[in-house]
Amino acid sequence: MSYYIPSDEQVEKSLIKVLKKNRTIPSQNKLKDLVTKELTTKKRKTGLTGYRLRKIALNSGLVKLEIHTREGDPKRIMNKCPVCDSTLKRVKNLTIWGGEVTIEFRCTHCGYWTVKKKRIPTRYVFHFKKT
Ligand SMILES: [Zn+2]
């Protein structure tokens, strides 16, 4: 029995197969199981983490990610997107007194956003985007 790490291209090919059969996948673990099954044969085991798969899925442009969250610590500083590691963009709004106030952080790569009460990702739903 060998153990191997598939390339991004191999993962993406298997991802497409999985998405064609299941247009919506209710969690990252479920998606990982299905893609791993596609990549695994009797002769080899597949090493693929959910985190890596999520990034490949996002970069493929094939998937619309639905991010479920719980509320986190408002004091926590978040510079990077917890979903895909991209830099979060500050979206500022003027207050009624004319001062500039940061109200929101947005990720332009995956669509994650948060306010002061941090939105901590707890579950990902993957939707196949029709191309
Ligand atoms: Zn992101």
Among all lysine pairs in the range 19-64 that are eight or more places apart or on different chains, how many have alpha carbons less than 23 angstrom apart? 27
Assign unit charges at the C-beta atoms only (+1 for Lys and Arg, -1 for Asp and Glu), then state the dipole size of the chain relative to its Cα centre in Debye, rounded to the nearest 20. 400
Counted neighbours (other Cβ, 10 Å), sorted fewest up, put W97, W113 in the order W97, W113
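Using only the Cα atoms of the range 39-131, what semi-axes does the equivalent ellipsoid have when each is the square root of 5 times a gyration tensor eigenvalue? Give whole Å, largest first. Write out the running numbers ahead of the final one.
Numbers: eigenvalues 224, 42, 22 Å².
Each semi-axis is √(5λ); the values are 33, 14, 11 Å.
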In percent, what relative contact order does the chain have, based on Cα pairs under 8 Å that are 6 or more apart in sequence? 31
On C-alpha positions alone, give me the angle between the axis of helix 50-60 and the longest principal axis of the chain, in degrees, nearest 10. 80
DSSP beta bridge pairing in the chain, given as percent antiparallel to the nearest 5: 90
Straight-line reach check, K117, cutoff 17 Å on alpha carbons, 8 or more apart in-chain or any other chain, hits among lysines -> K75, K80, K89, K92
Quick one: angle between helix 28-39 and the longest Cα principal axis of the chain, in degrees between 0 and 90, rounded to 10, please. 30
In degrees from 0 to 90, rounded to the nearest 10, what is the angle of the helix 8-21 Cα long axis to the longest principal axis of the chain? 90
With a sphere of radius 12 Å drawn around the Cβ of Y51, what net charge do the other residues whose Cβ falls strictly inside it have (Lys, Arg +1; Asp, Glu -1)? +3
If each part is reduced to its alpha-carbon centroid, the range 1-66 and the range 115-131 end up apart, in Å, by 18
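Values quoted throughout were computed directly from the atomic coordinates according to the rules given, and no laboratory measurement underlies them. Quick caveat: nothing in here was measured; it's all calculated off a predicted structure. Cβ coordinates were reconstructed from backbone atoms using ideal geometry, including for glycine residues, and neighbour counts include every protein chain displayed.
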